[in-house]
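Note sheet for the following structure.
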Amino acid sequence: MKFVILNDTREQPHFGCHRVMRTIEELLGKRGATVSARVFGTDRWEKDQRFLKALRVCDAILINGEGSLHHGRPRAERVLKVVDHPLRQGKPVYIVNALYQANPPEWSRYLDKVDLILTRDSRSSRELSRVYSGPLHQALDLSMHVQHPADSITSRQRLAFGDSVDPATTQLLVDAYRKTQGSVFLPVMRTLKSRRPSWPAPLRAWRDFYIHVHAKLNRWRDDSIRFVADDHAFLHELENSALHITGRFHGVCLSLLAQTPVLTVASNSWKIEALLDDLGLSRQRLITPQALRELDMTQLRLDFSAQEKERMTEALAASRRMVESVFDRMAGVTRPTSA
């Protein structure tokens, strides 16, 4: 069975996005399915001849709903419009790992043509249930689906400060890291410099080289700045931290996977609050930027309670069962016979 994927989020050097996409492909591959084409981010897929050629002959269309379907973003609507494309020809359309928040009611005209939706939080499920009557399932973010084997933990003494989608919050986190002796700065990305996947190839290569050099120079200047290579190295750094303070949703997800206590600043949607609520974690783990600015880091500890650990274990197990069931259903759907 051949799938095409829209909103492949690996165009940025973001460990959570890479982990989500790798998990999607592994889940499909375990079921004998292949990915014949993908569109990175919310690029203009309708003008991509290679993608359109694959769309014509594929068996199913998969939309990664991660981080885009909120507040009526035009780029997100562009992805949903695949349901109306002539080359769809009755093929099933699935949305997985979806956040859904504050979107126009008119988007229901697209959702009505979607065959199945898997959300990553209960708030999104409630929001979708008002405008979507098809099969609706809920799990946790796919970055947490594959269990992480514990590495050798040398010490859980230091604080690890992450980054945020909001530059002002990232600066607050950097300031806090600089004031906290023995801490590390650990972004959930290989670099804070954005790639430019839409640039011409020569300029894109120069940009990637610049990003690489920037990360190396920062590490050379200060060994406590950790621009690590991949999600496995990131998880290893988390495992050797007593607390991760971050403004990134996937920073929170990977902290939980590494069983590292987390303190987080809200992001650009309800995604972090929804995750904490769905896992039954204390709201003391969510702070405002102002509270972060005033926080005394010297004696800060937020170890998981026994109850929090139990809730996380149960929620992750239930999520993994749901995800496996949903992918079984998607990969088992045969291509409709054309009239």
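Please identify the pairs in which a residue from the stretch 108-128 that is within 14 Å of GLY65 (Cα to Cα) and outside the structural domain of LYS91 (by TED's automatic domain parsing) has its Cβ atom under 6 Å from the Cβ atom of a residue that is part of a loop (DSSP other than H, G, I, E, B) and not β-branched (Val, Ile, Thr), counting only partners at least 6 apart or on another chain.
none
What's the total number of residues in the stretch 200-211 that are modelled with pLDDT under 75 and surrounded by fewer than 13 Cβ atoms within 10 Å (Cβ to Cβ)?
The qualifying residues number 1.
Since ALA160 meets every condition but one in (1) in contact with a strand residue (DSSP E or B) (Cβ under 9 Å, 6 or more places away or on another chain); (2) surrounded by fewer than 21 Cβ atoms within 10 Å (Cβ to Cβ), which condition does it not meet?
Every condition holds for ALA160 apart from (2).
Could you tell me whether the stretch 316-332 includes any residue that is over 20 Å from HIS137 (Cα atoms) and either touching a helix residue (DSSP H, G or I) at 6+ places or on another chain (Cβ under 9 Å) or surrounded by 11 or more Cβ atoms within 10 Å (Cβ to Cβ) (or both)?
No, that holds for no residue.
GLU308 is checked against (1) within 25 Å of ARG178 (Cα to Cα); (2) buried (at least 17 other Cβ atoms within 10 Å of the Cβ); (3) over 19 Å from the mean Cα position of the chain (by Cα) and fails just one. What number does that condition carry?
Failing condition for GLU308: (1).
Identify the residue in the stretch 139-158 that is modelled with pLDDT of 95 or more, part of a loop (DSSP other than H, G, I, E, B) and among the aliphatic types (A, V, I, L, M) and, among all such residues, is nearest to LEU281 (Cα to Cα).
The residue in question is LEU140.
(1) touching a residue at least 40 places away in the same chain (Cβ under 8 Å); (2) closer than 24 Å to ARG19 by Cα; (3) surrounded by fewer than 21 Cβ atoms within 10 Å (Cβ to Cβ): which one isn't true of ASP59, the others all being true?
Condition (2) is where ASP59 drops out.
Got a sec? Which of GLY90, GLY32 is of a type in the set (Gly, Ala, Ser) and under 27 Å from ARG320 (Cβ atoms)?
The conditions single out GLY32.
The values are calculated or read from the model by the stated rules, or taken from the named source; none is laboratory data. Nothing here was measured: the structure is a model prediction, and the numbers come from that model. Cβ atoms come from the backbone with ideal geometry, glycine included; neighbour counts cover every protein chain shown.
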